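The values are calculated or read from the model by the stated rules, or taken from the named source; none is laboratory data. What you are looking at is a predicted structure, and each value in this text was computed from that prediction instead of being measured. Backbone-built Cβ (ideal geometry, glycine too); neighbour counts: all protein chains shown. These accessible areas exclude ligands, DNA and RNA; they are computed on the full protein's heavy atoms, side chains included. Shrake-Rupley method; radii C 1.70, N 1.55, O 1.52, S 1.80 Å.
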Amino acid sequence: MYVNGAWGQFQVRDSVLFNPHVEIGGGYQMPLGDMAKRFGHSGVVGLGFHIKAKSQWYYGVQGSYFFGNKVTEPGLIQNLYTVNGEILDDQGQKSIVYIQERGWMYFGDVGRLFPVIGPNKNSGILAYGGLGYIHHKIRIEHQSNEIAQLTGEYLKGYDRLTAGPAGHLFLGYFHMSNNKMINFFAGVEYVQAWTRSQRNWNFDTQTRDTALRNDGLLGVRAGWVVHLYRRAPD
């Protein structure tokens, strides 16, 4: 719960607080490395729980969901097209197929707040890094009637599910206002991952993908901070 009243303002303005908090945010990112060969820019939304200690050390966990509409995967669903370049559903009718990027990433973080700017000692330049895990795939959806090859277990032969260990770095600004009303973060984030395909066989290309991928993401992220520190007793 928030601190309140004059005592709460005194704490924030003049004291270095032990500050657990929840962050809700989002951003925009561009792919790098092998990921840039397969996907376009993506949006990202996330939720995190972190603690800023009185020593200004910063640590916690977070998870994010990212999504995009540009996919350039060679040979994707090539075996489903007719000679006229159409995909037919189980009723023999032309179907519209949507191909999108979807993914998740999770990190444990540690870093430090440097109170060189801002309204109080609980605001400033925030730098942290973390280790975790990432997985992403191609989402294939279609309208009208069912397409048997793109449902159930068959869909796994086309979705290119990829996963592996990852690390990330964040550098930005963390703000805690004296009146408790405006609390946010904003900065630049870099993600580096080493991933492999999680599928045994690609049905469309009739191949098995065993390559180690060097996936990267670079973007901006910002969000709102909900503080959980308590008011000290009188």
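Remarks
- Electrostatic bookkeeping for Gln62 treats Lys and Arg as +1 and Asp and Glu as -1; over the other residues with beta carbon under 12 Å from its beta carbon, the sum is -2.
- For the chain, the longest principal axis of the alpha carbon atoms and the long axis of helix 5-14 meet at an angle near 80°.
- Each Lys and Arg adds +1 at its Cβ and each Asp and Glu adds -1 at its Cβ; summed about the Cα centre, segment 141-222 shows a dipole of about 340 debye.
- Tensor-based shape of segment 124-194 (alpha-carbon gyration tensor, a/c under 1.5 rounded, otherwise prolate or oblate): oblate
- Set the Cα radius of gyration of the chain against 2.2 N^0.38 Å, with N its number of residues, and you get 1.30.
- Helices in the chain, meaning DSSP H runs of at least 4 residues, each add -39500 (n - 2.57). Divided by all residues, the mean residue ellipticity at 222 nm is -1500 deg cm²/dmol.
- Its Cα gyration tensor gives segment 5-105 an equivalent ellipsoid, and the semi-axes of that ellipsoid, as √(5λ) in whole Å with the largest first, are 49, 15, 10.
- Within segment 62-122, the percentage of alpha carbon pairs spaced more than 18 angstrom apart rounds to 64%.
- Surface analysis of the chain yields an accessible area of 51 Å² per residue, using protein heavy atoms and a 1.4 Å probe.
- Cβ-derived FRET efficiency at R0 22 Å, Ile96 paired with Asp209, nearest 0.05: 0.20
- Greater than 31 Å apart at Cα, pairs in Lys94/Lys137; Lys52/Lys137; Lys54/Lys137; Lys37/Lys94; Lys70/Lys180; Lys137/Lys180: Lys52/Lys137; Lys54/Lys137; Lys70/Lys180; Lys137/Lys180
- Centre separation in Å (Cα based) which lies between segment 22-95 and segment 167-194: 21 Å
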